Amino acid sequence: MHTKSDPSVSPYLEIPRDEWAELRANTPLTLTEDDLARLRGINESISLDEVAQIHLPLSRLLNLHISATQDLHKVTSAFLGRLSGRTPYVIGIAGSVSAGKSTISRILQALLSRWPQHPKVSLVTTDGFLMPNAELEKRGIMQRKGFPESYDVARLVQFVSDVKSGRSPVSAPVYSHLTYDIVPREEQVVDSPDILIVEGLNVLQTGAGKSAFVSDFFDFSIYVDAREEDLIEWFLSRFAKLRETAFLDPRSYFHRFAEMPEAEALAIARKVWETINFVNLRENIEPTRERAQLILEKGPNHLVQRIRLRKM
């Protein structure tokens, strides 16, 4: 006998912004305006109030989860009758291009590193695991950059597996947003962090025919969500700002956009969104949203309006 499902029943607890802000409890705000100026992204208006109301409660929740994981480690060691080395707590942060996940990652890194229990917090973006442009050109997928097939997934999975296993030091490739390519012979060294944050478009991705996924090694996962009309507005606004700043550098891969008329450049940017970023969002990124343990739903101006926390 089939029972009719109740549409009000969800695997997530939905928490309005004002209620979430109260969950900060007495967690102190350890960031200053100067700190935030270094952490916020281009064209983002995140304030210290936003940090206090959204990011501080999140850092408190993560701290509680980390403490519980450490307790579980002690229980498991007692069961085994031997003390095994503690491994890093791994957090995955996913979301669309221009959703602001990089800024959230940097703010969380700063806040979590100020908790006394885990002062060493590393942040790695999956951009470094994109295939070099020469390889993308060779495979004929340069226009698919950012799609799952444009990453060295095996290397990314091995990297996170090594960190999670306690191997140290471990190195990750480095990506330059100036040259829009992997930086040859440059690496980011991750050395025994208490916490590792992995940020990227497709970190919650799964697929057929693979034995392991990067998300298999996450202890906690976050998806930064927003309406498509807001995402494209933020994308175009950031593009316009970059035309006045980073694109002016002759070394920039996108230098040509700084030299062409604004209307023409923005028309190309809109086409990039519609034919690449939006397609990737709909086909690959957005379908992974419900795999996250926490979903931050943004409204206009990059302000988080609602939080969805997966029920335990």
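No lab work stands behind these numbers, since they all come straight from the coordinates. Quantities reported herein were computed from a predicted structural model and do not represent experimental measurements. When we count neighbours, we look across all protein chains shown, and the Cβ atoms used for this are built from the backbone with ideal geometry, even at glycine.
Looking at this model, which pairs from K120/K298; K271/K298; K145/K298; K241/K271; K74/K311 are more than 22 angstrom apart at the alpha-carbon?
Working: K120/K298 29 Å; K271/K298 24 Å; K145/K298 25 Å; K241/K271 18 Å; K74/K311 24 Å.
The answer is K120/K298; K271/K298; K145/K298; K74/K311.
Measure nothing but the geometry: give the 0 to 90° angle between the long axis through the Cα atoms of 56-80 and the longest principal axis through the Cα atoms of the chain, rounded to 10°.
For 56-80 against the chain, the angle is about 50 degrees.
Send over the per residue convex hull volume for the range 12-310, Cα only, as a whole number of Å³.
On the way: hull volume 43.7 nm³, N = 299.
Value for the range 12-310: 146 Å³ per residue.
Order by neighbour count: H55, H118, fewest other Cβ atoms within 10 Å first, most last.
Numbers: H55 24, H118 19.
Starting with the residue having the fewest Cβ neighbours, the order is H118, H55.
As I understand it, the value is the acute angle between the Cα axis of helix 228-243 and the longest principal axis of the Cα atoms of the chain; what does it come to in degrees, rounded to 10?
Tilt relative to the chain: about 60 degrees.
Residues with amide H under 5 Å of I197's amide H, sequence separation 5 or more or different chain, H placed in the peptide plane at 1.01 Å from N; which?
Here the answer is I91, S122, L123, V124, since their amide H atoms fall under 5 Å of that of I197.
If you add up the charges near F257, with Lys and Arg at +1 and Asp and Glu at -1, over every other residue whose beta carbon is less than 15 angstrom from its beta carbon, what do you get?
Overall, the nearby charge balance is +2.
Build a GNM of the chain with springs between Cα atoms under 10 Å: which of L108, L31, L281 gets the top mean-square fluctuation?
Of L108, L31, L281, the most mobile in the Gaussian network model is L31.
Please identify the longest segment of the chain free of exposed trypsin sites (Lys or Arg not before Pro), where exposed means a DSSP state other than H, G, I, E or B and no more than 10 other Cβ atoms within 10 Å.
On the way: sites that count: K4, R82, R251, K311.
Formally, the longest exposed-site-free interval is 83-250.
Top mean-square fluctuation among I197, I232, I15, Gaussian network model of the chain, C-alpha springs under 10 Å?
Of I197, I232, I15, the Gaussian network model singles out I15 as fluctuating most.
Check Y175: other-chain or 5+ apart residues with amide H under 5 Å from its amide H, H built from backbone geometry?
G128, V183
Please give the helix 262-272 orientation as an angle from the longest Cα principal axis of the chain, in degrees from 0 to 90, rounded to the nearest 10.
50
What is the fewest-to-most order of D34, D181 by other Cβ atoms lying within 10 Å of their Cβ?
On the way: D34 8, D181 16.
Sorted ascending by nearby Cβ count, the order is D34, D181.
For the chain, what proportion of DSSP beta bridges, expressed in % and rounded to the nearest 5, is antiparallel? Before the final figure, lay out each step's value.
Details: 17 of 37 bridges.
In the chain, approximately 45 percent of DSSP beta bridges are antiparallel ones.
Please arrange I195, I42 by counting, for each residue, the other beta carbons lying within 10 Å of its beta carbon, fewest first.
On the way: I195 25, I42 15.
The most exposed by this proxy come first: I42, I195.
So what is the 222 nm mean residue ellipticity for the chain from helices alone, if each DSSP H run of at least 4 adds -39500 (n - 2.57) and you divide by all residues, rounding to the nearest 500 deg cm²/dmol? Write out the running numbers ahead of the final one.
Details: 9 runs with 101 residues, N = 312.
Mean residue ellipticity, 222 nm, calculated: -10000 deg cm²/dmol.
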